[in-house]
Structures are given as structure tokens and as C-alpha cells.
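Read the structure below first, then the notes.
The values are calculated or read from the model by the stated rules, or taken from the named source; none is laboratory data. These numbers come from a predicted model, not from an experiment. Cβ: placed from backbone, ideal geometry, glycine included. Neighbour counts: every protein chain shown. The area values use the complete protein model at the heavy-atom level, side chains included, leaving out ligands, DNA and RNA. Shrake-Rupley method; radii C 1.70, N 1.55, O 1.52, S 1.80 Å.
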Amino acid sequence: MAIYILGIESSCDDTSAAIIKDNVILSNIIANQDVHNNFGGVVPELASRAHQQNIVPVVETAFKKAGIDKEQINAIAFTRGPGLLGSLLVGISFAKAFALGLEIPLIEVDHLQAHILSHFIHDENKMPPSFPFLCLTVSGGHTQIEIIKDYFTFEKIGETIDDAAGETFDKAAKILGIPYPGGPFIDKYAVSGNPKAFKLPIPKAEGFNFSFSGLKTSFLYMIRDNLKENDKFIEENINDLSASIQKTIIDTLMEKLIKASAATGINTIAIAGGVSANSELRSRLKSESIKRKWQVHIPEFQFCTDNAAMVAIAGYFKYKDNNFAEQNAVAYARQGKGLRKP
Ligand code: KG4
Ligand code: ZN
């Protein structure tokens, strides 16, 4: 018999609900929150309020689009963390009430694990990655390389020691006066820019780790110095500035990914998280795959940034593993609070 799971994602500023039938997504509804655009980042209090307004209509739309009844759902999967506590609480409370009302089990999902498992959503045009594979997970809050051994066993071999890659895109965008989230705008401006126009320092960190805070500061100082000479510096150079910062971030990510593949001997490489939507990262990965004979796995755009389809697929694997959550499960803000095997 088919397994139907409702997935709920509310860890940051997107309210999302998805319904999955086994590994096939029937609906994946995402409500973005525009309230943060002018603040240069997510305002936690505003995010929780927006989740409260969005959650019921988003779930209702997910059911309508999937064309199924609530009674058909076998379990509800929710993101337990990491993320903003106030935001997570909205999704978690909704999931608990839904599970109680329908007398169905709850499944807790780790947000980063969900990003990675989105590669296993059924797609008739491509095969999922085979284990073990390396995954570079790059989002607004995290940047890490892991060896994915099976659906539940991930070994982290490198991570950022300060800012995340998405955060660096967003902070660079803020310096350029671009609204939050700036990553997609930088990507767009960079298409018409020269990536070599402004030389920025390649950030250094040990092993497979990353560091982006120095790059952000160099970018800020370079712009500040140029603005002293020319107050139209940003508007006259927005494309080149975007292309240059983007190239530096992507060069840094690719350098460590290449190093990790060489050191582990793993040639199946995946990317996940919001920054995996970046066109430069996607094309660099494709060109490296030809050069290095990598098998690369790049998520569909709708599964890069936060979405509940990824929570639903993670829920599906946990359901089959009989791994259910208690009604007293509490949200956690930081990674590594017990959902993953070491
Ligand atoms: O995974 P995600 O939706 O949320 C978190 O879990 O953080 O990632 C959001 C991040 C933001 O920093 C956003 O600017 C970045 O992903 N992002 C991009 C692009 N699309 C989203 N960064 C660069 N290029 C893009 N095309
Ligand atoms: Zn995310």
C-alpha cells in the first residue's frame, strides 16, 4: 500500500507544506515572506508571525493540489531543527496538533538532512546518487561537506568556521544595497559581469573547512574606498562586483570539494541547499564532472531553497525505518542535537 506523508517546513522564512506518495511529490507549496526584504536579513519575530498566518492556508493548498483527503495521510513529518526557534515552533505545534487530531504518527526531520535527501525525490529523468557520496550543503545558515553513507548516516568532514556561503552572498548584496535575500540577485547581475574585474582574496581555512568572514570584510573595504573616489561606483559596476564576489565564493567552495573528493576517493558528488540554485556553482560542477569523471547530482530549482518536499521525502525514509517522534519533541536551534547518527 502506498504511504502518504505530509511534510511541514518552517525553520526560517519560508512556510511550506508538501504531500508525498511514497517517493513521488504530489504537491509542494511554499509561501515566501516579503516582510524581511528591507531589513537585510530575516527578522525572527516577523518570521514567526508570518508562519502563523501562512501555515493553515499553505497546508490547505497542499491538500487541494495533491487531490487527497487528510484521512489518507499516514504520518506527518516536520522540521525540528536547526533553525529559528520561534519559526520552528509554529511548524512543530501544527504538526503535533495534526497528528493528535488524526491519530497518526509524527516524524521529526533534520533540516540539513532533508536538503540532502531531496536528491531521492522521484524524478523520471534522473537517478538518485548512489552511496557513498559527497554532499556540499550550502545554505543561508550552513556550509559543509559530508560523506553520505546511507539515508541516515552522514559524516561531516568540513564546515564553515564563520559565515555560511549564502550568508556571504546576502551580506555582499546588502553592501551593494540589494534587498534580502541577495544571493539570487547577485547571480542575476553576475551573468553580465566580468568575474575578474575586482580581485578579492580567496578565503583560507584548514582541511575541508571554509571561512568567509574575511572575504566579506575585504569586499566592504574595497567598496568603501572606491565610493570615496566615485559616489556612483556601485551602480556603475554592479555587474562586475556581483560577478567578482560570486566567483570568489564559488572558487572557494569548488577548491574544497575537489580536495575532499581526491582525499576520500569518492567521485559521486551532490550539492544541496539554497546556494545550490546558483548558476555559477551549477555550471562549475558540470564542467568539473567532465574533467574529473565525477557523477554529479544537482537538485531541481524548486528543491534547492527551503521547501517541504524535502521534509516529506526524509519523513518517508524514516517512516519505513519505523523512526517516529514523541509528542513532547522540542525544537532545536543548532545542528547536531540528536537526529542524525554520527
Ligand atoms: O536553504 P535556504 O533556502 O535556507 C537556509 O536553510 O538557509 O538557503 C537560502 C540561501 C540564502 O542565503 C540565499 O541568498 C541563497 O540561499 N541563494 C542563492 C541563490 N538562491 C538562493 N545564493 C546564490 N545564488 C542563488 N541563485
Ligand atoms: Zn535550508
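What the table shows:
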{"read-out": "Partners for Lys126 among aspartates and glutamates (Cα-Cα distance below 13 Å; same-chain residues under 8 apart left out)", "value": "Glu300"}
{"read-out": "For peptides 303-310, 9-16, sequence by mean Cβ density within 10 Å, most packed first", "value": "9-16, 303-310"}
{"read-out": "Kirkwood Rh and Cα Rg combined as Rg/Rh, the stretch 128-299", "value": "1.00"}
{"read-out": "Karplus 3J(HN,Hα) series, Hz, for the stretch 225-241 with 6.51 cos²θ - 1.76 cosθ + 1.60 (x for Gly, Pro)", "value": "5, 5, 5, 5, 7, 8, 6, 9, 3, 5, 5, 6, 10, 4, 5, 5, 5"}
{"read-out": "Protection proxy ranking of 181-191, 108-118 - average other beta-carbon atoms within 10 Å, highest first", "value": "108-118, 181-191"}
{"read-out": "Per residue accessible area of the chain, 1.4 Å probe, in Å²", "value": "44 Å²"}
{"read-out": "Largest-first principal axis extents of the Cα set of the chain (Å)", "value": "66, 45, 34"}
{"read-out": "Solvent-accessible area, 1.4 Å probe, carbon plus sulfur percent, for the chain", "value": "51 percent"}
